[in-house]
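Structure, as structure tokens:
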Amino acid sequence: MHDPSTERYVNRPLRALMAVRILALATVLAASISMAQERPTPADDAGEALRVFVDCVQMYCDMDFLRSDINFVNHVRDRQVADVQVLVTSEGTGGGGREYTLEFIGRGRHVSLSDTLRWNAPVAASDDDVRRGLVRTIKLGLVRFVAATPRGARLEITYKAAADEKAAGVTPTHDKWNYWVFRLQGNGNVNGEKSSRSFFGWGSLSANRTTEAWKISTALNVDYSESKFDYAGTKYNSYSHSYGTSALAVKSLGQHWSAGARASAQSSTRINQDLGIRVAPAIEYNFFPYSEATRRALTLQYSVGVGTVNYTEETIFDKTSQVLTDETLTVNYDLKRKWGSISTSLQGAHFLHDASKWHLENFLSLDVSLFKGLSLNGFGGASLIRDQLFLPKTSTAPEDVLLQRRQLATGYRYFAGFGLSYSFGSIYNNVVNTRFGGSSGSIFFF
């Protein structure tokens, strides 16, 4: 006996499959029409526009804002095909802000042109202030390059009157704070469930003063954390803290030499230190002028320190307190170029009362454009450790070991990370489309 309702349910999968096919065909057709409509016309061709690659090395740039606001050039994704590479680097300033160095490197038909501009962001600058300041500076630097193209005839230059300059943030001739900058920071978090709960809090207070002749930095740091959890009917409690203060004073001695001293006082459960005080004078030589530090630096620093330590628990060397003297040699190299950047350091130190107690540390980070479309970035470090005088004689609680609240005996330490990316396709990247770009929702497939 024929049942229409049965036929309806049997054919439902076939109808659904047919609907999917129709939808897929419509999507392909719409994409084809869209590609045909969006194919650039001769007037939109990139031939006459300056091709620019903005290279923000190890820092954040709002590329969507940059592309939409600098609309008189063609933004490309690879420096190899660019007419101008804009290399953006930055360094912290004495006032707590940042100084951005923008190097305009001519390539191809503009290889003979180059320029360097600097822009200072004050400590109170918002993200929007920073991105607008960078865009304004990039526009200024590109003028001489665009002027050599057909689009140069359509450039117009405007200037803000002097009355606006004071409102724009020109540094006053008299500073009532005498270059001192103070900063108060703090954060914390708490979380828990039926069988566990934890709390962490951190705070700091700093005061810094930087001039051409002197650099003075002081800081006070506090952090505290605790965890409580129940497992198999047993309650476990673990906590750690670190309280410390530090100071640094450095005197400039020309373009290559500087001298200074560090002082610190610290209490830390992680390194079994009830109270440790240390003072260390130091001298540093930079093989390049300090004025080039945003692009390259090769420094050699030597320091001698003396301090006293009171341990929370008796150490494996049967000490509850001791006076320590040490010496440290540090070599640091930083290089930022149009192909990328590299930074590495090597530090060796030992105690003067026992040269067999020493450590050697190395750190390396790099960001390199190997060739068109292929980039490599990575970081890593390794240490040889022979100077853990603070290790307690008593055994460490299992919960402190699992939560890494106490430093354990070790002869070495290492860490590393790397990434590799390769891209190909259209070299142009002018279009800004932020649709579905938010982070307020999730995507489900069903």
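The values are calculated or read from the model by the stated rules, or taken from the named source; none is laboratory data. If you're wondering where the values come from, they're calculated on a predicted model, not measured in any experiment. Virtual Cβ from ideal backbone geometry, glycine too; neighbours counted across all protein chains shown. Accessible surface areas use protein heavy atoms only, side chains included; no ligands, DNA or RNA. Shrake-Rupley method; radii C 1.70, N 1.55, O 1.52, S 1.80 Å.
Observations
- Accessible area of the stretch 188-241 divided out per residue, in Å², using a probe of 1.4 angstrom: 67
- Taking 0.36 nm per residue of sequence separation and removing the Cα-Cα distance, the K194/Y159 pair yields an extension gain of 6.2 nm.
- Per-residue 3J(HN,Hα) values for the stretch 236-242, derived from phi via the Karplus relation 6.51 cos²θ - 1.76 cosθ + 1.60 with θ = phi - 60°, read 10, 10, 9, 8, 8, 8, 8 Hz in sequence order (x marks Gly and Pro).
- A straight chain from L253 to R337 at 0.36 nm per residue would run longer than the Cα-Cα distance by 27.5 nm.
- Rounded Å value of the spacing that divides the Cα centres of the stretch 199-267 and the stretch 310-361: 17
- Solvent exposure of the stretch 249-365 as accessible area per residue, Å², 1.4 Å probe: 52
- Counted by Cβ distance under 14 Å from A249, the other residues give a net charge of +3, where Lys and Arg count +1 and Asp and Glu count -1.
- Within the stretch 54-138, the proportion of C-alpha pairs whose separation exceeds 17 Å stands at 49%.
- Summing charges over all other residues whose Cβ lies under 9 Å from the Cβ of A293, with Lys and Arg as +1 and Asp and Glu as -1, gives -1.
- Per residue, the convex hull spanned by the alpha carbons of the stretch 178-220 comes to 55 Å³.
- If R0 is 25 Å, the Cβ-Cβ spacing of F317 and E361 corresponds to a FRET efficiency of close to 0.65.
- Theoretical FRET efficiency, 1/(1+(r/R0)^6), r = Cβ-Cβ of A213 and V306, R0 30 Å, to 0.05: 0.65
- Computed from the C-beta positions of A293 and D387 and an R0 of 35 Å, the FRET efficiency is 0.70 to the nearest 0.05.
- Residue-wise HN-Hα couplings along the stretch 108-118, as the Karplus relation 6.51 cos²θ - 1.76 cosθ + 1.60 with θ = phi - 60° gives them from phi, are x, 5, 10, 4, 7, 9, 7, 7, 9, 10, 10 Hz; Gly and Pro carry x.
- Fully extended contour minus Cα-Cα distance, from E226 to R183, at 0.36 nm per residue: 12.8 nm
- Cβ crowding within 10 Å averaged over residues, with 367-378, 175-186 ranked highest first: 367-378, 175-186
- Sparsely packed loop sites in the stretch 212-296 (the trypsin sites (Lys or Arg not before Pro) outside DSSP H, G, I, E and B with at most 16 other Cβ atoms within 10 Å) comprise R270.
- Signed unit charges on C-beta, dipole axis of the stretch 172-219, positive-most listed residue N178, L205, S195: S195
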